[in-house]
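Enquirer: The structure's right below; bear with me while I get my questions together.
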Amino acid sequence: MEALSGFLIATGLIFIAELGDKSQLVALWFATRYRWWTVLAGVTVATLVVHLASVAAGRVLDELIPEDVLLVIVGL
């Protein structure tokens, strides 16, 4: 249940944070020029790659940086 809770919180926060950003505006512009499903597929793959890289980097940083230092860096 904890994993589902974390998933839902991350999904909701990222959804809110991403509204109206550059990527969304570029996707909107591309959708006016190309087939919508092609744009959707490209956006989906690109987003997946970016988020996989972010998660991997976070995992590596978690192993390298002590938790107290990490909390200061992220401002908690």
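Enquirer: Can you tell me the 0 to 90 degree angle between the C-alpha axis of helix 2-18 and the longest principal axis of the chain, rounded to 10?
Expert: Tilt of helix 2-18: around 50 degrees.
Enquirer: If you don't mind, there's one more thing I want to ask. Students often get this wrong, so try it: which of (i) 12.4; (ii) 15.0; (iii) 13.7 is Kirkwood radius over Cα pairs in Å as calculated from the structure shown?
Expert: (ii)
Enquirer: For labels at Ile16 and Ile73 in the simple 7 Å Cα→Cβ model, what's the distance in nm?
Expert: The modelled label-to-label distance comes out at 2.6 nm.
Enquirer: Right, next: By how many degrees, between 0 and 90 and to the nearest 10, does the Cα long axis of helix 22-33 differ from the longest principal axis of the chain?
Expert: That works out to roughly 20 degrees.
Enquirer: Okay, moving on. For the charge dipole of the chain, defined by +1 on Lys and Arg C-beta atoms and -1 on Asp and Glu C-beta atoms about the Cα centroid, which residue among Val26, Ala10, Gly58 has the Cα displaced farthest towards the positive pole?
Expert: Val26
Enquirer: State, to one decimal in nm, how far the label point of Arg33 lies from the label point of Ile9, with both points 7 Å from Cα in the Cβ direction.
Expert: Between Arg33 and Ile9, the simple spin-label model gives 4.0 nm.
Enquirer: Any idea what angle helix 36-64 forms with the longest principal axis of the chain, computed on alpha-carbon atoms, 0 to 90 degrees, nearest 10?
Expert: 10 degrees
The numbers here are math on the coordinates, done by the rules we state, and not lab data. Being a predicted model, the structure only gives us computed values, none of them experimental. Reconstructed Cβ throughout: ideal geometry from the backbone, glycine too, with neighbour counts over all protein chains shown.
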